[in-house]
1. Using the alpha-carbon atoms, what tilt in degrees (0 to 90, nearest 10) does helix 178-187 show relative to the longest principal axis of the chain?
2. Taking the Cβ of residue 82 as the center, what net charge do the other residues with Cβ under 13 Å away carry, scoring Lys and Arg +1 and Asp and Glu -1?
3. For segment 35-136, which GluC sites (Glu not before Pro) are both in a DSSP coil and crowded by at most 15 other Cβ atoms within 10 Å?
4. What number, rounded to the nearest 500 deg cm²/dmol, is the helix-based mean residue ellipticity at 222 nm of the chain, given -39500 (n - 2.57) per DSSP H run of at least four residues and division by all its residues?
5. With Cβ to Cβ distances under 11 Å as the rule, what net charge do the other residues near residue 143 carry (K, R +1; D, E -1)?
6. May I ask for the distance between the Cα centers of segment 163-206 and segment 37-82, given as a whole number of Å?
7. Hey, what angle do you get for helix 209-221 against the long axis of the chain, alpha-carbon based, 0 to 90 degrees rounded to 10?
8. Determine the equivalent ellipsoid of segment 176-221 by diagonalising the alpha-carbon gyration tensor, then write out the semi-axes as square roots of 5 times the eigenvalues, largest first, rounded to whole Å.
Amino acid sequence: MPSSFLRSEAANPVTLPDGTVLENLVYLNQVIDHPNIEIGDYSYFNSFHPVEDWASGIAPYLYAGAPERLTIGKFCQFAQGVLFITSSANHPIGGFSTYPFAIFNPETMGVYAQNTEAFQDTHIGNDVWIGHDAKIMPGVTVADGAIIATGSVVTNDVGPYMIVGGNPAKPIRPRFESDVIDSLLEIKWWDWPIEDIQRHLPLIVGADIDALKAVSVSKAAK
């Protein structure tokens with residue numbers, strides 16, 4: 001496996017053995033330039049269909065200058081149909097009607113935003129896998145290593161290395177024992193230099209936490 005097979009600057013990072021480039025699989029930070037969206041390296045989205053505007057494709061309610069932000073960590077994996085429903089999608093719910101009358105009058109449009117629920121940022125950690133057609137609702141934090149099952153609607157925060165599913169999404173099970181999770185959160189392999197990640201891939205994709213910890217300790221000692 002060549003040392004340069006992970007290329008953070010590639011918009012389309014997957015090339016099949018026959019030379020075909022998968023144009024609908026993209027590193028998101030290479031195709032999105034949006035003041036309210038921050039995305040770490042190697043986080044990808046796989047769409048079944050061509051996408052002209054990736055920012056609005058994944059977060060359709062997040063306009064430039066909105067009161068909220070969407071942050072995504074490194075090495076995340078997003079399947080077809082994943083949507084981030086951010087806080088600007090909300091309607092005021094304190095009155096008798098939720099109809100957004102104010103947005104149809106330029107003079108009152110600003111009042112509308114003031115009357116909605118508190119705007120909250122949406123945070124996705126590192127190495128998060130979100131399945132086909134899952135939706136992440138406003139203000140949710142999905143921690144490192146979590147897995148969101150296909151078709152889930154995530155309305156509450158998701159803990160590190162937790163598998164959740166359903167509508168609304170509920171915890172199914174943690175991926176590992178708590179001591180292993182604690183070690184992984186301390187190791188933070190996703191912050192290693194890419195050369196070290198590639199060198200130690202068998203440990204990162206394996207399940208021997210002692211071996212991975214030994215590498216981490218060795219790196220820290222240098």
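The values are calculated or read from the model by the stated rules, or taken from the named source; none is laboratory data. A quick note: this is a predicted structure, and the numbers were derived from the prediction, not measured. We place every Cβ from the backbone using ideal geometry, glycine too, and count neighbours over all the protein chains shown. Note: accessible area is taken over every heavy atom of the protein model, side chains too, but ligands, DNA and RNA are not part of it. Shrake-Rupley method; radii C 1.70, N 1.55, O 1.52, S 1.80 Å.
1. 90
2. Working: positive: 135; negative: 133.
Taking every other residue near residue 82 into account, the sum is 0.
3. Working: sites: 38, 52, 68, 107, 117; in loops: 52, 68, 107, 117.
Answer by residue number: 52, 107, 117.
4. Numbers: 7 runs with 49 residues, N = 222.
It lands at -5500 deg cm²/dmol.
5. Working: positive: none; negative: 127, 144, 157.
Taking every other residue near residue 143 into account, the sum is -3.
6. When both Cα centres are located, 21 Å separates them.
7. Taking the Cα atoms of the chain, the angle to 209-221 is about 90 degrees.
8. On the way: eigenvalues 55, 26, 18 Å².
Semi-axes from the Cα gyration tensor: 17, 11, 10 Å.
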